[in-house]
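Have a look at the structure below, then the notes.
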Amino acid sequence: MTEVAPLTATESFWRPRTVTPWVRNLAVASLLANTLLVFTGGLVRLTGSGLGCPTWPRCTAESWTNTQEMGMHGVIEFGNRLLTFVLAVVAVLTFLSVLRLRHEHPKLLRLGLYLLLGIPVQAVVGGVLVHLDLHPLLVGMHYFLSAIMISLSTLLVLNTRREGLSAVAHDQRPGQLHDRAGLVRTLAVVTGVLTAVILYLGTLVTGTGPHAGDQDSARLAFNSVDIARAHAVPVYLLTFTVVTGIVLCTLKGVPRVLRNAYAIMAVVILAQGAVGYYQYLHQVPVPAVSLHMVLSAALIWAATRVVSISFYLAADHHEHAAPVDLGPSRTAAPRDAQPVR
């Protein structure tokens with residue numbers, strides 16, 4: 001039998017009914033782009049560049065771009081706005097790549113559509129944020145939208161891997177948990193809820209602290225020590241939940257893929273906690289706060305993986321359609337092609 005030649009990018013894009021490497025790579029690109037947006041958004045706030053472009057959608061009343069007179073603040077804020085266009089290109093390509101799979105994999109289409117629609121929503125909220133002089137509660141909402149986008153991107157990555165890679169589909173096949181399914185689901189729900197609470201309280205800590213995005217922006221009236229301690233409580237609870245998940249997976253014979261997901265999340269929590277305590281004890285230095293924000297994106301990614309894998313493993317055999325098996329080389333010929341002898 002003659003070997004099938006590897007697919008070109010164009011052939012991979014248009015190949016029907018299969019989740020190709022092109023689709024999976026675009027899902028990863030979407031996740032990276034949304035994470036980068038969190039980093040650049042934090043950079044805008046931490047450098048006091050939130051009003052570097054004092055209006056929206058234009059940068060100034062007369063110009064769509066920053067001007068030389070606006071200095072570095074204008075460059076940073078306008079650069080963050082430009083990243084939205086990069087994100088839009090990735091989202092459009094991702095949506096087009098899953099559009100052709102709408103009948104075989106409708107879940108991928110829904111995720112691609114949500115990611116595409118989320119971009120204009122983020123842009124409008126960002127514009128309102130500028131017009132309201134960076135009100136801290138709205139800044140928190142803007143971050144929360146990014147958190148949702150990271151979670152959706154993570155789900156897209158997970159689902160494209162399940163539907164396109166036989167080994168991943170086998171490791172995460174439904175129906176493996178039997179009488180442990182309820183406990184695994186409960187831990188997953190607690191993990192997701194606590195992560196959301198941590199992120200929300202984190203936005204309140206940010207809104208109370210010194211990094212407002214502009215020197216004239218309002219701050220929340222919480223006591224900074226009290227709100228930081230309140231933020232730490234769900235972190236402790238989440239740590240306990242994740243450790244419980246690891247122990248459960250070890251003692252109850254839960255598939256290793258879930259134990260690994262919990263272990264990765266534990267590492268992220270420890271790193272996030274270490275940076276959090278460092279910035280608390282050293283008057284929130286900019287580099288530490290920036291790293292803390294990037295790690296918050298990693299926490300969203302890790303928590304989404306735990307929740308998604310948990311519910312997938314706990315599902316009934318018939319709740320999910322069987323994925324397309326592309327074989328070890330992932331270069332199988334179309335279904336209607338005749339074998340070459």
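Worth pointing out:
- Residue tally, condition of a type in the set (A, V, I, L, M, F, W, C) and more than 22 Å from the chain's Cα centre (by Cα), over segment 238-278: 8
- Screening residue 102 with (1) in a helix (DSSP H, G or I); (2) touching a helix residue (DSSP H, G or I) at 6+ places or on another chain (Cβ under 9 Å) gives one miss only, at (1).
- Residue 115 meets the conditions (1) crowded, with 20+ Cβ neighbours inside 10 Å; (2) under 15 Å from residue 18 (Cα atoms) in every case but one. The failed one is (2).
- Note on segment 60-94: residues that are touching a Phe, Trp or Tyr at 6+ places or on another chain (Cβ under 7 Å) and either assigned to a helix (DSSP H, G or I) or buried (at least 21 other Cβ atoms within 10 Å of the Cβ) (or both) amount to 1.
- Meets criteria (basic (Lys, Arg) and outside the structural domain of residue 249 (by TED's automatic domain parsing)) for residue 180: no
- Out of 189, 184, sole residue that is in contact (Cβ under 8 Å) with a residue 40 or more places away in the chain, surrounded by 20 or more Cβ atoms within 10 Å (Cβ to Cβ) and over 14 Å from the mean Cα position of the chain (by Cα): 184
- Consider segment 249-280 and keep the residues that are touching a Leu at 6+ places or on another chain (Cβ under 7 Å) and touching a residue at least 60 places away in the same chain (Cβ under 8 Å). The one that is surrounded by the most Cβ atoms within 10 Å (Cβ to Cβ) is 258.
- Number of the exception - residue 305 against (1) basic (Lys, Arg); (2) in a helix (DSSP H, G or I); (3) modelled with pLDDT under 95: (3)
- Residue that is farthest from residue 303 (Cα to Cα) [pool: residues in segment 231-287 that are in a helix (DSSP H, G or I) and among the charged types (D, E, K, R)]: 256
The values are calculated or read from the model by the stated rules, or taken from the named source; none is laboratory data. All values derive from a computational prediction rather than experimental measurement. When we count neighbours, we look across all protein chains shown, and the Cβ atoms used for this are built from the backbone with ideal geometry, even at glycine.
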